[in-house]
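Written out below as structure tokens is the structure these notes cover.
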Amino acid sequence: MKHHIFSTALLAVAFTSTAYAVDDPNFGAQSLRGEIGTKGVFLTIPYDEVRYGNGDNKAYIKPEEYKMMYSDSIGGKVTCPAIKGPGLKGLNYHQFKNGIECSWKSRPGSNAEIITFTLMPGGDTGKSPKHYRGKNKVVTWKGIINDANGQGAVTKSYKTTLSLDMFDYRNGNSHKAFVFKKNHKVKLGDFTSTKGSIRDFICDFNGQKINVLKDHAPVGQFGKKGVKCTYMLKQNGKDPHYYGEVVFK
């Protein structure tokens with residue numbers, strides 16, 4: 001009987017970078033905007049728009065210095081999970097297009113008024129990026145994937161890589177944006193399989209899962225170095241005989 005084995009070794013390999021810079025894409029200034037319920041108060045959050053091209057060929061970066069902007073005073077507290085916490089935040093194109101959920105609480109306590117609302121694309125703010133340091137370069141994250149026999153036992157391990165654009169806003173990885181460009185693929189190196197091939201190589205970029213063996217829109221990790229991925233080995237017409245995990249760093 002064949003065993004489906006899930007690799008529990010999340011292999012994080014040292015971060016390296018190439019010595020060359022990439023051409024800076026065009027930067028724009030965009031925002032997410034929405035009304036807090038029917039209070040007549042509008043909330044705006046500015047973003048730097050990284051424009052690689054038209055359509056979905058974009059990514060959105062919010063450095064820590066960009067704060068929530070209110071059209072009027074309202075009191076209470078607004079929370080938006082997508083931008084909660086310190087450091088740089090960001091959104092992939094479709095995440096930005098679909099907007100983010102926020103909530104307003106009038107005061108502490110269980111009897112406070114709570115309003116849930118959505119911020120949607122609010123248009124160009126007319127401002128150029130204030131905090132981008134212009135130290136954009138290509139970085140290479142490395143990971144290890146395994147080959148396995150028909151019984152799911154690992155027979156050999158191989159180094160694989162992902163190449164990403166890094167946008168540097170401040171010192172520390174929590175202030176950098178890493179973008180995996182449109183239609184870029186995982187580089188399998190010398191990987192070969194004695195049983196079938198790799199299928200469904202899925203990586204989670206900022207909550208958006210993509211197959212890094214297929215075409216895709218740009219996706220990023222914002223304020224976070226590394227990405228976790230899963231893959232399977234499968235022969236045509238048969239069930240997968242091996243499931244693996246890898247962390248690229």
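Miscellaneous remarks
- Here the Gaussian network model covers the chain, with springs between Cα atoms less than 10 Å apart; of Asp200, Asp215, Asp72, Asp72 fluctuates the most.
- Nearest-0.05 FRET efficiency for Lys84 and Arg199, computed from C-beta distance (R0 51 Å): 0.90
- Sorted into 5 angstrom bins from 0, the C-alpha pair distances of segment 179-237 split as 4, 17, 27, 22, 15, 9, 4, 1, 0 percent.
- Of Val41, Val186, Val227, the one that fluctuates the most in a GNM where the chain has Cα springs shorter than 10 Å: Val41
- Sites Asn183 and Lys137 - FRET efficiency at Förster radius 22 Å, r taken between beta-carbons, to 0.05: 0.60
- Rolling a 1.4 Å probe across the protein heavy atoms gives the chain an accessible surface of 50 Å² per residue.
- Percentage of interatomic Cα-Cα distances in segment 86-159 larger than 19 Å: 71 percent
- Cα-centred dipole magnitude for the chain, charges only on beta-carbon of K, R (+1) and D, E (-1), debye, nearest 20: 460 debye
- When the P(r) of the chain is calculated, the portion above 23 Å amounts to 57% of the C-alpha pairs.
- Paramagnetic label zone (point 7 Å from Cα along Cα-to-C-beta, Asp56; backbone N under 12 Å) in segment 181-210: 182-183, 209-210
- Computed over protein heavy atoms with a 1.4 Å probe, the carbon and sulfur contribution to the accessible area of segment 109-210 reaches 46%.
- From the C-alpha gyration tensor of segment 23-101, square roots of 5λ in Å: 25, 13, 11
- Within the chain, helix-based [θ] at 222 nm, where runs of 4 or more DSSP H residues each add -39,500 (n - 2.57), nearest 500: -500 deg cm²/dmol
The values are calculated or read from the model by the stated rules, or taken from the named source; none is laboratory data. Keep in mind the model is a prediction, meaning the values are calculated, not measured. With ideal geometry, Cβ positions are generated from the backbone for all residues, glycine too; neighbour counts draw on all protein chains shown. Keep in mind that these areas ignore ligands, DNA and RNA; they rest on the heavy atoms of the full protein, side chains included. Shrake-Rupley method; radii C 1.70, N 1.55, O 1.52, S 1.80 Å.
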